[in-house]
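Enquirer: Below: one structure in structure tokens.
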Amino acid sequence: MYSSNAQPSNQSHYHSKDIGLALLIVFILCVFFLPIPPFMLDIGIAFSIAISVVVLMVGLWIQKPLEFSSFPTVLLFATILRLALNIATTRLILSQGSEGEAAAGYIIAGFSRMIMSGDFVIGLTVFAIIITVNFLVITKGATRIAEVGARFTLDAIPGKQMAIDADLSAGLIDEGQAQFRRRELEEESAFFGSMDGASKFVRGDAIAGLIILAVNIFGGIIIGVTRHNMSLEVAADVYTKLSVGDGLVSQIPALIVSLSAGMLVSKGGMRGSAEQNILRQFGMYPRALSVSSGLLVILGLMPGLPFAPFFSLGASMGLIAYLIPLQARKIENSNLEKQKLIDQRIHQEIQDSPDHLLRTSLVEIILGKQLWAGMSSNRSELIDRVHKMRRNFAVQYGFIFPDIRLTDSIDIPPRSYHIYLQGAYVSGYEIQLRRQLIIYGSAEKPDIIGEDSIDPAFGMKSLWISESIVEEARMAGYIPVDPITILLTHLSETLRNHLSVLLTYKGMKGLIDRLDPEYRRLIDEIIPSHLSYSTLHTVLKHLLSERVSIRNLEIIIESIAEIAPFARKPESIVEHVRIRLASQICSDLSVDGSLHILRLGSRWDQFFHESIKRDIKGDIVGFDAEPGMIELFSNESSFVIRRHMDRGEAFIILTSPDARSYVRLIIGRIHPGQAVLSHIEISTGVKINYIGSIS
């Protein structure tokens, strides 16, 4: 019931608007034929001027031309109204012109007195200038812009339609957005096409104004002399003033509407109101205002030229040029503050969201409150160096791990930091603020006042010293290390020892997606026919667990394709891949082109050979050794490795191919970064330097 009652009232409301507009058009048409009194003529002329001013203001403040798509229709109505009023004034001038200046209404008489100053020659001159400006300058330019705009808009329609279809096919927009953009494109083409035709109304209006002026003057003089017995001089004065006043009253609104049309078609692709675009674009170049200001001041100082106008304008432009950058900086700072508040609010919302609380960061550094406050001035340096470390890891190991999260907490000691991987604690250390660390390892303890400690990254003996004696320590030949470097070095070694954790399944898929199409096709051949993506992920994690870079992913994929039909175990695939990467591995581990090698003694070679179990085909099926012997080997190897590490030597442990993975498994628990190679992984051309054996 409610909807059925509301609908007729709305329809009657719209019908009343349609009838009102139709009656207005009929009234305008009646003016062409029916005589109207002077007071109604004054109302019509005032309405014509008001309409032209409103059109100008709307054209000035719209954001884009399509917002005033009814302009061609408004222009047609305004032109017809002015022509109807011209005919009505012509009828009054010719019929009642002998009665004086008010014969055609008080508006025409007022314009006649105000602009002509009692002399019709002045009026003719002003009228000629106005109609010249309107016809030759504004109207002609607007017409040309409308023609070019219409042609370019129509030519661009097929390309724009294809772009809309492409965005729709790509899923960038939905069907509703596509329909809206198509409708907007149709309206744009129709608008510029209408503007091309509507501009002809303005040109015709200007020509009609000239003809009507001539008819009024000559027809009025003839009627005044022949019908009202006026002298030629009096008739010429009266009818010329009335005719010129009528021409000015009609041409001033025509000039305003022509200006509106020019502004509308010249807006082009600009968005925003005219004053916003003009002020913004002028404000982008304050130096132009400065140079103009200087030029005006120089002109004011020239002899013979008035000083006051040039100097006042120059000073005003100079002041504006000075204030524009200040205002721009003020606006920029205000925008930055607003954006900062928005970012903080978004960050807080993310922090408080359940999804964020349940999400675990891959790598996280938690600082104690005192350490967090002590590093407040160096926090930006810490973040920058962490980003550089991530880039170096990407270059060295061939993949990018996610961002490192840096937070503080009251749950850990105030001067300590903890390193977490996948939410699990892996390492930590206590920093001495305003002190630096001297690492001396197995060398003699420095004769410097300090606090004994252990280096967190390599477990070497070290000494905390005060910042006041840092130079003294440098002169003694030691290299003091600042707290940020200690933290980052410890973080770097921790990440190197857990590289396999850093390579996520998503990260592996990203690496594969960046491969060349040929290698992606090769992966499609071996997956899933011979192995799965999870097995490939396991192989890459095995390599990274021993700090073998996967930057040559193409070679890794080729070697996996070679062995995949014959081996399904990830361990067997890894050993084959390592052989193919022998040159890379040796290059990464060599020092000055040579490998420093620590061999297994014959006793331990025999032990591992006897502990490896094989099936009837000779394939390795397991490792069976006495726990006591494993513990003994672990202790002996750790002693020898530590002795060489304290000397600062970089070396590898060399063993047989069958025993390599098991030797690495035992040694890696105590020294995660220690490289273990087999004989067949030594590439050709690498220099060998034996530095000892584990025996």
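Enquirer: Looking for something modelled with pLDDT of 75 or more and not in a helix (DSSP H, G or I) - is there at least one such residue anywhere in the range 231-240?
Expert: yes
Enquirer: Moving on to the next point. Going by what's in this entry, would Ser52 be described as farther than 19 Å from Asp205 by Cα, in the same structural domain as Ile256 (by TED's automatic domain parsing) and either at pLDDT below 75 or surrounded by 17 or more Cβ atoms within 10 Å (Cβ to Cβ) (or both)?
Expert: So Ser52 does not fit the description; no.
Enquirer: Go through the range 392-432 and give me each residue that's of a type in the set (Lys, Arg) and modelled with pLDDT of 85 or more.
Expert: If the condition is that a residue be of a type in the set (Lys, Arg) and modelled with pLDDT of 85 or more, then Arg415 is the only one that fits.
Enquirer: Does Gln396 satisfy the condition of being in the same structural domain as His490 (by TED's automatic domain parsing), at positive phi and out of contact with any Asp or Glu (no Cβ under 8 Å at 6 or more places or on another chain)?
Expert: No.
Enquirer: Sticking with this structure for a sec: Can you tell me which residues in the range 582-604 are closer than 13 Å to Met629 by Cβ and surrounded by fewer than 18 Cβ atoms within 10 Å (Cβ to Cβ)?
Expert: Arg603
Enquirer: Still on this structure, please answer the following. Would you confirm whether any residue within the range 196-214 is touching a helix residue (DSSP H, G or I) at 6+ places or on another chain (Cβ under 6 Å) and at pLDDT 75 or above?
Expert: There is at least one residue in the range 196-214 that is touching a helix residue (DSSP H, G or I) at 6+ places or on another chain (Cβ under 6 Å) and at pLDDT 75 or above.
Enquirer: I would also like to ask the following. Is there a residue in the range 657-672 that is more than 53 Å from the chain's Cα centre (by Cα), within 17 Å of His596 (Cα to Cα) and part of a loop (DSSP other than H, G, I, E, B)?
Expert: no
Enquirer: Considering every residue within the range 434-451, establish whether at least one is out of contact with any helix residue (DSSP H, G or I) (no Cβ under 6 Å at 6 or more places or on another chain), in contact (Cβ under 8 Å) with a residue 24 or more places away in the chain and under 16 Å from Arg496 (Cα atoms).
Expert: For the range 434-451, residues out of contact with any helix residue (DSSP H, G or I) (no Cβ under 6 Å at 6 or more places or on another chain), in contact (Cβ under 8 Å) with a residue 24 or more places away in the chain and under 16 Å from Arg496 (Cα atoms): absent.
Enquirer: Could you please find all residues in the range 292-329 being β-branched (Val, Ile, Thr) and surrounded by fewer than 13 Cβ atoms within 10 Å (Cβ to Cβ)?
Expert: Ile298 - this is the single residue of the range 292-329 that is β-branched (Val, Ile, Thr) and surrounded by fewer than 13 Cβ atoms within 10 Å (Cβ to Cβ).
Enquirer: Please work out if Val225 is in contact (Cβ under 8 Å) with a residue 12 or more places away in the chain, of a type in the set (A, V, I, L, M) and assigned by TED's automatic domain parsing to the domain that holds Ile131.
Expert: Taking the combined requirement at face value, the residue does not satisfy it.
Enquirer: Then there's this: Taking the range 359-377 on its own, how many of its residues are surrounded by 13 or more Cβ atoms within 10 Å (Cβ to Cβ), under 29 Å from the mean Cα position of the chain (by Cα) and of a type outside the set (A, V, I, L, M)?
Expert: 2
Enquirer: In the range 366-402, how many residues are touching a residue at least 24 places away in the same chain (Cβ under 8 Å), β-branched (Val, Ile, Thr), over 20 Å from His537 (Cα atoms) and assigned to a helix (DSSP H, G or I)?
Expert: Looking only at that region, the number is 1.
Enquirer: Consider Gly44 carefully, then state whether it is at pLDDT below 75 and more than 45 Å from the chain's Cα centre (by Cα).
Expert: Considered against the rule, which asks whether it is at pLDDT below 75 and more than 45 Å from the chain's Cα centre (by Cα), Gly44 comes out as no.
The values are calculated or read from the model by the stated rules, or taken from the named source; none is laboratory data. If you're wondering where the values come from, they're calculated on a predicted model, not measured in any experiment. With ideal geometry, Cβ positions are generated from the backbone for all residues, glycine too; neighbour counts draw on all protein chains shown.
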